[in-house]
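Since the structure comes first, as structure tokens, the remarks are kept for the end.
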Amino acid sequence: MKTIETGALSVEGWLQRMEHLALRHGVHLSTLQQKDGRDLEVLFASAMLAFPEDKLLGEQAANTILRRFLETAGVMVATDHVELRRWMVDTGFLQRSDYGTDYHRGTVPAWLADAAKALDIDRIVDTLVRARTADVTERETRRQAWLASQIEVTEDATGEAGVDETFMRLALDQAHNAWALSEVPVGAVIVKDKQVLATGFNQPIGNTDPTAHAEIRAMRAAAELLGNYRLTDCDLYVTLEPCAMCAGAVQHARIRRLIYAAPDPKTGACGSVVDLFAEPKLNHHTVVRAGVLADESRRLLSGFFVARRELKRQGSLPAEDDDSE
Ligand SMILES: [Zn+2]
């Protein structure tokens, strides 16, 4: 491991670093190593503190300690006790006896030495449990506030097709929000367990953000609410066929179903220009349904462009403003 030049870390600094790390999910050791390295050292040093001072432990006892660490303080790390043990031995945080059967505490880098003397594993676990509980409570409060402001859609006798139309109408409502801000009217909603989890509308101009398409905005909000970048059990409803960027993001998020309304002959990446979902090497997760309330969406889009041309004719909009998205 590369040596990291840095000033000594305080106990508070140590706990803050671990807290920050603890609010993430599925953190890979190799990612931590590549990014900065200091988080990895604080993580390993924390795991080292779970070992008793000046005592040799057999492999089984060492594994028990590391497993418990990964169930408590280290729960955000995507690894198992065997991999963790190997990394800790390789980096010197754990030492193995000559026969390779016993383990004991190794040494921490100089910048952690003082804080390591003052800290113990119980304090680390307590701090992280408190931080996670506070985070979950805050997330849940935001989620409940959001759900309370939404229409709850219950499944009725109309079945799946009726459900898709109902949610697409909510996506069309979102598209109207975009129009109200003079953006091309495209809207999206993300649905999980038959409830709207997040919404988004097209706003690249207002946000000065070329990625601020309705789908991206809805997926960002949903991931934030769920605290997970995978949206595995979520369905995405969008009023216009997604572009290549959004289709790619849908696949990264592992959206379960993608339902869109109108095709987009200019940039559609679900069959109109290209079909990224037909490529089995790219898509293993998402089922696509097209054409739900397509006429409504088309009318909304053409209405918007007609109104915009009229504004240009009157001189209210600069003529060089392009008609395309
Ligand atoms: Zn897009």
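Values quoted throughout were computed directly from the atomic coordinates according to the rules given, and no laboratory measurement underlies them. Computed from a predicted structure; not experimentally measured. Note that we place each Cβ from the backbone using ideal geometry, even for glycine, and neighbour counts take in every protein chain shown.
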Among the trypsin sites (Lys or Arg not before Pro) within the range 177-245, which fall in a DSSP loop and have no more than 16 other Cβ atoms within 10 Å of their own Cβ? Lys194, Arg230
Degrees, to the nearest 10: 244-253 long Cα axis against longest axis of the chain: 40
Scalar couplings 3J(HN,Hα) for the range 286-291 by Karplus 6.51 cos²θ - 1.76 cosθ + 1.60 (θ = phi - 60°), nearest whole Hz, x for Gly and Pro, are 9, 9, 10, 10, 10, x
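Which chymotrypsin sites (Phe, Trp or Tyr not before Pro) in the range 72-116 pass both tests, a DSSP loop state and at most 15 other beta-carbon atoms within 10 Å? Mind dumping the intermediate values first?
Details: sites: Trp87, Phe93, Tyr99, Tyr103, Trp111; in loops: Phe93, Tyr99.
Sites meeting the loop and neighbour criteria: Tyr99.
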Could you run the Karplus curve 6.51 cos²θ - 1.76 cosθ + 1.60 with θ = phi - 60° over the range 177-187 and give me ³J(HN,Hα) per residue in whole Hz, x for Gly and Pro? 4, 5, 4, 4, 9, 6, 9, 4, x, 10, x
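Hull surface divided by four, with the convex hull built on the Cα atoms of the range 1-129: how many nm²?
Numbers: hull surface 28.4 nm².
For the range 1-129, the mean projected area of the Cα convex hull comes to 7.1 nm².
How much net charge surrounds Cys234 when only other residues with a Cβ under 15 Å from its Cβ are counted (Lys, Arg +1; Asp, Glu -1)?
Details: positive: Arg143, Lys192, Lys194, Arg217, Arg220, Arg230, Arg254, Arg256, Arg257, Arg289; negative: Asp164, Asp193, Glu215, Glu224, Asp233, Asp235.
In short, +4.
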Ala78/Asp295 FRET efficiency (R0 56 Å; Cβ-Cβ; nearest 0.05): 0.75
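Could you tell me the convex hull volume per residue, in Å³, taken over the Cα atoms of the range 229-312? Please report the intermediate quantities before stating the final value.
Working: hull volume 8.0 nm³, N = 84.
Per-residue hull volume (Cα only) is 95 Å³.
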For 121-130, 207-216, ranked highest to lowest by mean beta-carbon neighbours within 10 Å, the order is 207-216, 121-130
Full-extension gain between Thr64 and Ala113, please, as 0.36 nm times their residue separation minus the C-alpha to C-alpha distance. 15.1 nm
Distance histogram in 5 Å bins (all Cα pairs of the range 197-266, percent per bin): 4, 17, 30, 28, 15, 6, 1
Just grab the label-to-label distance for Thr137 and His176, each label 7 Å out from Cα along the Cβ direction, in nm (one decimal). 3.9
Relative frequency of Cα-Cα separations exceeding 39 Å in the chain, percent: 36
